[in-house]
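**Student:** Would you mind keeping the following structure in view while I ask a few things?
The values are calculated or read from the model by the stated rules, or taken from the named source; none is laboratory data. Not measured: the values here are computed from a predicted model. Counting neighbours? That spans all protein chains shown, and the Cβs are built from the backbone with ideal geometry, glycine included. What goes into the accessible areas is simple: the full protein's heavy atoms, side chains included, and nothing from ligands, DNA or RNA. Shrake-Rupley method; radii C 1.70, N 1.55, O 1.52, S 1.80 Å.
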Amino acid sequence: MKKVCIIYTGGTIGMTKTPKGYAPCKGFLKKKLLEMSDFKSDRLPAWDLVELSPLLDSSNMTVHEWNIIAEEIEKRYNDYCGFVILHGTDTMAYTASALSFMLENLNKPVILTGSQIPFCEIRSDALDNLIESLMIAADGKANEVCLYFGGRLLRGNRATKYSADGLEAFKSPNCLYLAQAGIDIKYSEALLRKPNAGEFHVTKLAPVPIGVIKIFPGIQFDLFAPIMTESLRGIVIETFGAGNVPGGENQLLPIIKKAIANGTVITVCTQCPSGRVTLGAYETSIMLKDAGAVCGYDLTTEAAVAKLYYLFSCGYDSSAIKSLMEKDICGELTQL
């Protein structure tokens with residue numbers, strides 16, 4: 001019989017009501033699942049539940065927790081046909097992106113899911129999301145890190161949270177869904193990644209200093225100059241459109257040049273949910289290209305941040321990282 005490991009990290013799906021609002025409660029989720037007839041059905045794969053401690057609201061997730069999740073998968077890798085990670089929605093796309101790089105030569109499904117409404121409420125999306133994730137993890141078709149939510153299976157490093165209160169909370173605007181759940185689960189076979197030939201291993205991430213700057217009208221670039229020190233290893237800049245930033249009498253250029261001289265890797269992503277960065281297509285992006293910024297193409301901000309953590313943790317120098325940021329490693333960007 002196929003067996004799936006459920007790793008519960010915290011998040012809305014297993015929260016209960018408290019005087020201070022919803023919060024994770026130790027032991028509640030396992031008790032709830034054992035009470036439900038659905039999780040005793042022989043149509044589901046067998047499952048074990050691993051509950052991390054402490055359980056966290058996903059807003060409190062850090063590189064440290066990503067490493068713990070990866071370690072839990074690594075030590076159980078040969079014991080299960082797949083893994084389901086229950087996680088809060090706020091940073092689920094960041095964790096999915098990080099794990100897609102960390103779990104190298106992965107040949108089993110690792111499915112992140114959760115819910116917008118906790119199991120403790122009568123009208124919850126938790127049941128469907130968890131059951132479908134278990135089925136997908138047991139199927140063994142999507143052998144990569146994925147995110148399942150609201151009937152759709154997304155590539156983990158292409159997902160982004162789209163809605164704060166909708167039940168279809170995630171989208172992957174630059175990558176088609178890997179599967180959709182209806183009466184049957186229908187996979188997009190052509191999009192699924194090919195099996196890896198190497199041996200599975202985990203690359204742990206270091207807490208490298210990385211920043212994110214979102215461009216907005218009237219931004220005063222000089223406010224960011226003090227953070228451009230040698231200790232800052234990477235920056236993701238969320239620009240307008242295809243990579244455009246305000247000219248501002250070249251206020252940005254000296255800051256960018258200072259950062260690059262310090263060895264900081266600057267990656268340019270777009271604020272637009274869909275589309276890609278094309279540095280140099282407009283005059284307002286040529287300064288970034290000329291200064292040596294990296295083109296993020298259609299990377300999500302979540303994937304760009306995770307990829308920077310990963311590449312720095314691998315020990316590459318800035319030059320190699322700049323080159324690799326513009327290349328697809330595990331399905332995170334589209335190379336034309």
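**Student:** At 1.4 Å probe size, put Glu332, Glu71 in order of accessible surface, largest to smallest. Intermediate results must be reported in sequence, preceding the final value.
**Tutor:** Values: Glu332 0, Glu71 65 Å².
Ranked list, largest accessible area first: Glu71, Glu332.
**Student:** Let me ask something else about it. Name the residues whose placed amide hydrogens come within less than 5 Å of the amide hydrogen of Leu178, ignoring near sequence neighbours (fewer than 5 apart) on the same chain.
**Tutor:** Close amide H contacts, sequence-distant or interchain: Leu153, Leu154, Arg155.
**Student:** Note the angle between two axes, namely the Cα long axis of helix 301-313 and the longest principal axis of the Cα atoms of the chain, as a number of degrees from 0 to 90, rounded to the nearest 10.
**Tutor:** The angle comes out at about 80 degrees.
**Student:** Now for a different question. Considering only protein heavy atoms, what per residue accessible area in square angstrom results for the range 1-88 with a 1.4 angstrom probe? Could you put the intermediate results ahead of the total?
**Tutor:** Values: 4530 Å² over 88 residues.
Accessible area per residue, the range 1-88: 51 Å².
**Student:** Considering only protein heavy atoms and a probe of 1.4 Å, how much of the accessible area of the range 219-336 is carbon and sulfur, as a whole percent? Don't skip to the end; give the middle numbers.
**Tutor:** On the way: 2660 of 5080 Å².
C and S fraction of accessible area: 52 percent.
**Student:** Report, in degrees rounded to the nearest 10, the 0 to 90 angle that the Cα long axis of helix 63-76 makes with the longest principal axis of the chain.
**Tutor:** Long axis of 63-76 versus the principal axis of the chain: about 40 degrees.
**Student:** To test your reading of the geometry: what angle, between 0 and 90 degrees and rounded to tens, separates the Cα axis of helix 92-102 from the longest principal axis of the chain?
**Tutor:** With both axes taken from Cα atoms, the answer is about 80 degrees.
**Student:** While we're here: Heavy atoms only, 1.4 Å probe, whole protein assembly: order Lys186, Lys2 by accessible area, highest first. Could the numbers behind the result be given before it?
**Tutor:** Values: Lys186 145, Lys2 110 Å².
Accessible-area ranking of Lys186, Lys2, largest first: Lys186, Lys2.
**Student:** Further, regarding this structure: Could you give the Stokes-Einstein D for the chain in µm² per second, using the C-alpha Kirkwood radius, 25 °C, 0.890 mPa s? Walk me through the numbers before you get to the answer.
**Tutor:** Numbers: Rh = 20.7 Å.
It diffuses with D of about 118 µm²/s by this estimate.
**Student:** Using only the alpha-carbon atoms of the range 193-298 as identical scatterers, what base-10 log of I(q)/I(0) does the Debye formula give at q = 0.14, 0.16, 0.24 Å⁻¹?
**Tutor:** -0.58, -0.71, -1.34
**Student:** Rounded to the nearest 500, what is the 222 nm mean residue ellipticity of the chain from helices alone, with -39500 (n - 2.57) per DSSP H run of 4+ residues and division by all residues? Each step should come with its number before you reach the end.
**Tutor:** On the way: 8 runs with 87 residues, N = 336.
Calculated at 222 nm, the ellipticity per residue is -8000 deg cm²/dmol.
**Student:** Rounded to the nearest whole Å², what accessible area per residue is found for the range 115-231 with the 1.4 Å probe? Intermediate values should be presented prior to the final figure.
**Tutor:** On the way: 6020 Å² over 117 residues.
Value returned for the range 115-231: 51 Å² of accessible area per residue.
**Student:** Compute the orientation-averaged projected area for the range 279-326 from the convex hull of its Cα atoms and round it to one decimal in nm².
**Tutor:** For the Cα atoms of the range 279-326, the hull's average projected area reads 3.5 nm².
**Student:** Can you work out the base-10 log of I(q)/I(0) for the range 244-325 at q = 0.23 1/Å, using the Debye formula on its C-alpha atoms alone?
**Tutor:** Each listed q corresponds, in turn, to -1.17.
**Student:** Can you send over the carbon and sulfur percentage of the accessible area for the range 13-64, probe radius 1.4 Å, protein chains only? Please list the in-between numbers first.
**Tutor:** Details: 1700 of 3290 Å².
Ligands and nucleic acids excluded, carbon and sulfur give 52 percent.
**Student:** I need the calculated FRET efficiency for the pair Gln220 and Glu168, taking r as the beta carbon distance and R₀ as 45 Å, to the nearest 0.05.
**Tutor:** 0.75
**Student:** Roughly how many nanometres apart are two label points built 7 Å out from the Cα toward the Cβ at Thr334 and Thr284?
**Tutor:** 2.3 nm
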